[in-house]
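Enquirer: Have a look at this one.
The values are calculated or read from the model by the stated rules, or taken from the named source; none is laboratory data. These figures come from a predicted structure and were not determined experimentally. Cβ atoms come from the backbone with ideal geometry, glycine included; neighbour counts cover every protein chain shown.
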Amino acid sequence: MVGARVSFLDLSTSASLIELTDNEGTPLPNPLFTGSDGRLRLENGNGAPAVPCIADGLSYKVVVARKTGVEPIFMGGILQNPEELYENPFIAFVVTAMGGSGAGSNTSVIGSVADVRLADKTLGSVVCSGYYEAGDCPARVFTWVESQQPPQDNGINVLRNPEDNTGYWKMSDPPAGTWDVRMAGLTLYGADAAQNSVRLQALLNAIGELLDVETAATRIYFPKGVWHLSAGFTSYSEVVFGYGSMLRFTGSSSKVVNLYGGVESYGADNISDLKLFDCVDGGYAVIYAPEAHTCWVRPNSHAVASDTLVVDWDSALSTFWFGSPRKCVVKVDSTNVIAFNGCEIECDGKLSKTVGYSFTNCRFTDRYFKDNTFSDDVTLSGCTLDIDDFASVENWAKAMLMNGATVLDFNGKRCDSFTLQATAANRSYRVLNGNFRRFTFRAPDSVTDGNQSNSLQLEHCRVEELDGDWFWKDLYVIDSYVAVGYSVYTHTDPVMATDGLLVKGALLVRNSDVAGINDSGIAVGSGNSAYLPSTVTLMDSRIVGDVNGLAIDATRTSFTGVLKQWAGDSTVFSVKECTFSGTAHAETLGTSAIIVDNRFLRSGIPEDAVVGPNLTSCTYEGNGGNCLQKKLKIDAQDLLVVVPYGQFLHLYKPQSGAEIRLHLFGCGQSNIRVRFILDIREATGSQEASNTQNHYSTVSGSVLYTASDPKAFQLPHSVNTVGNQSINDDDVVNPHSVSVKVPDGIDPTDQYAAITGAYIEAEIID
């Protein structure tokens, strides 16, 4: 391999560079580089050949990295991008030193464990080059140890001559604490699985007797090949799988493998060969490890991670994943269901947008998914969702609903389109600090007309179009700007109703600006009491458009449209301190109302400011502007003819004159007192009005009338014999004129006397 970087690493750390020398002890650089001939050379591959030598007994790891093709960058002679130049690792392998310092040049070489047992103890030490026969396992050194109570023969590091109880053969500990399983008598391919399990357990016991199992930095090494076992096992040492090695469990029973010391694998030729555990004969195995990989197993095995689960093989983890790892790392594209449970998730766009994954007590984001899109079939429970973690605000809101949230704080972020469909009946939602182009609320599909039960509160929100369906109950708009749109007639019908937005229960608007962009206003104005809010409460708000409801309570709110109550006898219609402009007016079909301290700055006639055809009682006080009053006074000098007659002034309406409208606000038949007021000037001669010799007096007289509709009340009169219309009190049989007596001393017939003012005052009295 031309131009490769070759690093020699400490096996215990897999990271620390070890010392290299040539055969004369001269230090060599680490790493080394290959030249154009593929050989290790000095000077970054351009110099003389380099043959590294490594200390005796040292196990090490070799990592070969090939060039990436990225050009090196130097500044001031210093390389700036060394990590970009090589792809690391490309090839990695382990060199395990199984010899020992106890072996000298004249040490005898023995081919098997059985031969070591029978070796002459006077040799002191021997080299065993195999287990069953020479070459079937790495060589190691055995030394004779005198002992009056020799330990039991375990067939691994303690061997005894059955005819000699004075000592035993002890194997030197393997360098770097790496135990090749062949040293314990395990064999490859077609071997006796039961015997392999026995020998493996013996190795585990031997290691446990030598070292503290909770702190031992030991490794159990399975070289390349398929190792058959009949039983599970527990290892407190790290289990190392050589390049292309695998454990295969036989038998139909379940196997449990506890790898508390962790697992290290040196890979395989391709991804399909990365499987470390397999089962035959219908059995299955459960693998427990601090870090587990899905590539280790297939559907007939289970990988359980106590700390980190690595998804590096596409698997349906919901079917075999038991436990709750601290962390789950997804490294490959996933097309199968994964059940994430209580774990940290590391995943960048690997999950399928069509698969219904489940997340329980996890941190969730749309960035886990391809195209930042996830299926409606995804299930969330108890998850943490930070709006800043999401690529899409809409996705965050969707996930919040899936997670069972009823309070959604958008933190002022813009959301183009969001549909809030209640996940259950009787569920209330609160939406805060949102900025929506379109917001739609919908009831669950199970809700029918007449069973509406969901409620929505918009607080500190801006909604450019608010739509809903006809199966929602309550809507609260607080400190917000909302343009009200339409309602969908059914759950599935995409056609919007033109009657406006329906809420069947309560509509509350407080300190908000609400505009109706539909045909009928901010609530629903279909004219059918079955499709109207049961209560409408408006406070300190500004309403553009019509408002309709069965009961209405409005305070300190401005209107540009109709405020209409469609209710019956017992409902509330209360309007206080409100302002009506444009063509706005208040209207009720009920029998009672409270209309107090409002300002009618509207166009049109006063009679239309408040409409109540069914009113029988109404508290009507303090209202001003273009509206009817309960008491009025008009200038009648141009409306009445006043004729002096003795000590009386006779008043009548000219036959050709206009009707005198005295429209007042009242409920049904009312008593109206009409008072006629005249200002009189008497002079001693032809004097100017400002002359001090003039005398002024005010006289009045009143008539009580009964009107069936005070809003249309006009001054009653009849035609007298001289063709003039005399005012009367609705007695058409005996019409009478109104005569006002002047004070004594005043002669209204005097040529210099004059009527300087004439007024009519009308008032509804109890």
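Enquirer: Of the conditions (1) over 26 Å from N411 (Cα atoms); (2) out of contact with any Ser or Thr (no Cβ under 6 Å at 6 or more places or on another chain); (3) surrounded by fewer than 18 Cβ atoms within 10 Å (Cβ to Cβ); (4) modelled with pLDDT of 90 or more, A425 fails just one. Which one is it?
Expert: Of (1) over 26 Å from N411 (Cα atoms); (2) out of contact with any Ser or Thr (no Cβ under 6 Å at 6 or more places or on another chain); (3) surrounded by fewer than 18 Cβ atoms within 10 Å (Cβ to Cβ); (4) modelled with pLDDT of 90 or more, only one is false for A425: (2).
Enquirer: For the subset of the stretch 748-766 comprising residues that are within 14 Å of P710 (Cα to Cα) and among the β-branched types (V, I, T), which member is modelled with the lowest pLDDT?
Expert: I765
Enquirer: I'm trying to understand the selection: among the residues of the stretch 214-256, which are under 43 Å from the mean Cα position of the chain (by Cα), over 21 Å from D173 (Cβ atoms) and buried (at least 22 other Cβ atoms within 10 Å of the Cβ)?
Expert: Hit for the stretch 214-256 is K255, nothing else.
Enquirer: May I pose another question? Given (1) modelled with pLDDT of 80 or more; (2) surrounded by 15 or more Cβ atoms within 10 Å (Cβ to Cβ), identify the lone condition not met by L58.
Expert: Of (1) modelled with pLDDT of 80 or more; (2) surrounded by 15 or more Cβ atoms within 10 Å (Cβ to Cβ), only one is false for L58: (1).
Enquirer: Of everything in the stretch 434-448, what is surrounded by 22 or more Cβ atoms within 10 Å (Cβ to Cβ) and closer than 15 Å to Y486 by Cα? Give them in sequence order.
Expert: Those that are surrounded by 22 or more Cβ atoms within 10 Å (Cβ to Cβ) and closer than 15 Å to Y486 by Cα: F439, F441, A443.
Enquirer: Please go through the stretch 588-613 and give me each residue that is over 18 Å from K631 (Cα atoms), in contact with a Phe, Trp or Tyr (Cβ under 9 Å, 6 or more places away or on another chain) and not β-branched (V, I, T), ordered by number.
Expert: L589, G590, S592, A593, L601, R602, G612
Enquirer: Follow-up question, since we're still on this one. Within the stretch 155-185, can you find the residues that are among the β-branched types (V, I, T) and within 60 Å of the chain's Cα centre (by Cα)?
Expert: The answer is I156, T178, V181.
Enquirer: In addition: Mind listing just one residue for me: the one in the stretch 615-651 that is within 54 Å of the chain's Cα centre (by Cα) and surrounded by 15 or more Cβ atoms within 10 Å (Cβ to Cβ) and, of those, modelled with the lowest pLDDT?
Expert: Among residues in the stretch 615-651 that are within 54 Å of the chain's Cα centre (by Cα) and surrounded by 15 or more Cβ atoms within 10 Å (Cβ to Cβ), the one modelled with the lowest pLDDT is L615.
Enquirer: Which strands (runs of 3 or more DSSP E) sit wholly inside the stretch 285-374 and have at least 1 residues that are surrounded by fewer than 15 Cβ atoms within 10 Å (Cβ to Cβ)?
Expert: 301-311, 327-330, 344-346
Enquirer: Further question: Those residues that are surrounded by fewer than 19 Cβ atoms within 10 Å (Cβ to Cβ), out of contact with any Gly (no Cβ under 7 Å at 6 or more places or on another chain) and either more than 19 Å from T560 (Cβ to Cβ) or not small (G, A, S) (or both), I need them from the stretch 590-605; list them, please.
Expert: Correct list: I594, I605.
Enquirer: Would you confirm, using the coordinates I've provided, whether K67 is closer than 25 Å to I18 by Cα, in the same structural domain as S16 (by TED's automatic domain parsing) and in contact (Cβ under 8 Å) with a residue 60 or more places away in the chain?
Expert: Answer is yes for this residue.
Enquirer: Let me ask something else. Only one of (1) surrounded by 14 or more Cβ atoms within 10 Å (Cβ to Cβ); (2) hydroxyl-bearing (S, T, Y); (3) modelled with pLDDT under 80 is not met by Y705, so which one is it?
Expert: (3)
Enquirer: Show the residue pairs meeting these rules: Cβ distance below 6 Å; 6+ apart or different chains; first residue within the stretch 367-387 and without any contact (Cβ under 8 Å) to a residue 24 or more places away in the chain; second residue of a type in the set (A, V, I, L, M, F, W, C).
Expert: From the stretch 367-387, the pairs are F369/L351; N372/A391; L385/F364; L385/A399; L385/M400.
Enquirer: I would also like to ask the following. What is the residue count in the stretch 164-201 for residues that are assigned to a helix (DSSP H, G or I) and either surrounded by fewer than 16 Cβ atoms within 10 Å (Cβ to Cβ) or at pLDDT below 90 (or both)?
Expert: Here the count works out to 6.
Enquirer: Consider only pairs whose beta carbons are under 6 Å apart and that are at least six residues apart or on different chains; among these, list those whose first residue lies in the stretch 553-564 and is closer than 12 Å to S541 by Cβ and free of Cβ contacts under 8 Å to residues at least 40 places away in the same chain and whose second residue is part of a loop (DSSP other than H, G, I, E, B) and among the basic types (K, R).
Expert: Partner pairs satisfying both residue conditions: none exist.
Enquirer: Can I ask one more? Across the stretch 439-460, what is the total count of residues that are touching a strand residue (DSSP E or B) at 6+ places or on another chain (Cβ under 7 Å) and touching a residue at least 40 places away in the same chain (Cβ under 8 Å)?
Expert: Selection size over the stretch 439-460: 3.
Enquirer: Here is a check on your reading of the model: is Y476 modelled with pLDDT of 95 or more and assigned to a strand (DSSP E or B)?
Expert: Here the answer is yes, as Y476 does meet what is asked.
Enquirer: Which of the residues that make up the stretch 546-569 are in a loop (DSSP other than H, G, I, E, B) and more than 19 Å from L589 (Cα to Cα)?
Expert: Scanning the stretch 546-569 gives R556, T557, T560.
Enquirer: Looking at the stretch 240-284, which of its residues are in a loop (DSSP other than H, G, I, E, B) and either aliphatic (A, V, I, L, M) or in the same structural domain as V330 (by TED's automatic domain parsing) (or both)?
Expert: Across the stretch 240-284, the qualifying residues are A268, L276, V280.
Enquirer: Let me confirm something: among V113, V109, V141, V127, which residue is modelled with pLDDT of 95 or more and of a type outside the set (S, T, N, Q)?
Expert: V113
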